[in-house]
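Peer 1: Pasting a structure below so you can have a look.
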Amino acid sequence: MNLPSSPTSPADTQDTAIAHVLLVDDEPTLREPLAEYLTGQGFRVSEAQSAAAARTLLLAEHPDIALVDIMMPGEDGLSLTRHLIEAQDMPVILLTAKGEATDRIVGLEIGADDYVTKPFEPRELVARIRSVLRRAGRAAPSPGEDLLYEFEGWHLDPVKHRLTDPAGAVIAISTAEFRMLTAFLDHPRSVMSRDRLLDMVQGREAQLFDRAVDNQVSRLRRKIEEDSRDPQLIQTVRGGGYRFTPDVTRVAAKAG
């Protein structure tokens, strides 16, 4: 991997100056120069040479995003990715080898946000990190984003990444589930094809993995449907995809 030494522009650093990246890779010849490069691009970087080291680091630190190598000795990157998504609610970009197509599919199905194939262009990786952070709501919010989505008594805060049920209880929601729900809330009553949802939720190249959409919809239904086996809010459209049926409004967040 050749690391360019191009200067970072103010526009590039505006939304990454405080972004904290967890880099998990057992190859120091890749991990160390990549960490140095990302630091030069305005990120704070924590390194871990194994999944076990990453789990220990997470006891004291709370990164905004993780870059995880799939093939590592001991606990592999897919197992760590599942933990980061489900327990830490953290966006993940997988670092994969060319021959790991099946692992990439599994990674996206369990909720990984993106992947890059080794050897990769560091500038492209930085662009993907920034894109994932924006989609995950970890970048600085724009004016007007303090309005909550409201549907059937539920509320989704797009800035705080928080979902509350009609009783006011906070419901844990992963980054992938958050993005899927936001896509539906932005297009209520519209039929959303799997390809369109993949493009909105996962980004480019994800159209190869249709099952990722069905898996994420199933998980989201378990969170917001009264009976996920008889869904009323997210309905399946035969041959078309999915439709979010409730009316959606935007309301101001209550003080405090």
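Peer 1: Is it the case, given these coordinates, that Val213 is among the β-branched types (Val, Ile, Thr), at pLDDT below 90 and open to solvent by less than 50 Å² (accessible area, probe 1.4 Å)? Give the derivation first.
Peer 2: Numbers: among the β-branched types (Val, Ile, Thr): yes; at pLDDT below 90: yes; open to solvent by less than 50 Å² (accessible area, probe 1.4 Å): yes.
So Val213 fits the description; yes.
Peer 1: Tell me which strands (runs of 3 or more DSSP E) are completely within segment 160-252 and hold 1 or more residues being within 23 Å of Ala112 (Cβ to Cβ) and within 15 Å of the chain's Cα centre (by Cα), or say none if there are none. Give the steps one after another, and end with the answer.
Peer 2: Working: elements: 162-164, 234-237, 241-244, 249-252.
In segment 160-252, 162-164 are the strands (runs of 3 or more DSSP E) which contain 1 or more residues that are within 23 Å of Ala112 (Cβ to Cβ) and within 15 Å of the chain's Cα centre (by Cα).
Peer 1: Any idea which residue in segment 132-159 is surrounded by the fewest Cβ atoms within 10 Å (Cβ to Cβ), counting only those that are assigned to a helix (DSSP H, G or I) and modelled with pLDDT of 85 or more?
Peer 2: Here is the first cut: in segment 132-159, the ones assigned to a helix (DSSP H, G or I) are 132-135.
Checking which are modelled with pLDDT of 85 or more leaves us with 132-133.
Details: Val132: 23, Leu133: 21.
Per the stated criteria, the residue is Leu133.
Peer 1: Tell me which of these Thr56 doesn't satisfy, since it passes every other one: (1) part of a helix (DSSP H, G or I); (2) open to solvent by 20 Å² or more (accessible area, probe 1.4 Å); (3) under 19 Å from Ala112 (Cα atoms).
Peer 2: Of (1) part of a helix (DSSP H, G or I); (2) open to solvent by 20 Å² or more (accessible area, probe 1.4 Å); (3) under 19 Å from Ala112 (Cα atoms), only one is false for Thr56: (3).
Peer 1: Given the criterion in contact with a helix residue (DSSP H, G or I) (Cβ under 9 Å, 6 or more places away or on another chain), within 25 Å of His161 (Cα to Cα) and in a helix (DSSP H, G or I), identify the matching residue among Ile105, Ile85, Ile93.
Peer 2: Of Ile105, Ile85, Ile93, the one residue that is in contact with a helix residue (DSSP H, G or I) (Cβ under 9 Å, 6 or more places away or on another chain), within 25 Å of His161 (Cα to Cα) and in a helix (DSSP H, G or I) is Ile85.
The values are calculated or read from the model by the stated rules, or taken from the named source; none is laboratory data. Remember, predicted model here, so these are calculated numbers, not experimental data. In this analysis, Cβ positions are derived from the backbone assuming ideal geometry, glycine residues included, and neighbour counts consider all displayed protein chains. Heavy atoms of the whole protein, side chains included, go into the accessibility calculation; ligands, DNA and RNA do not. Shrake-Rupley method; radii C 1.70, N 1.55, O 1.52, S 1.80 Å.
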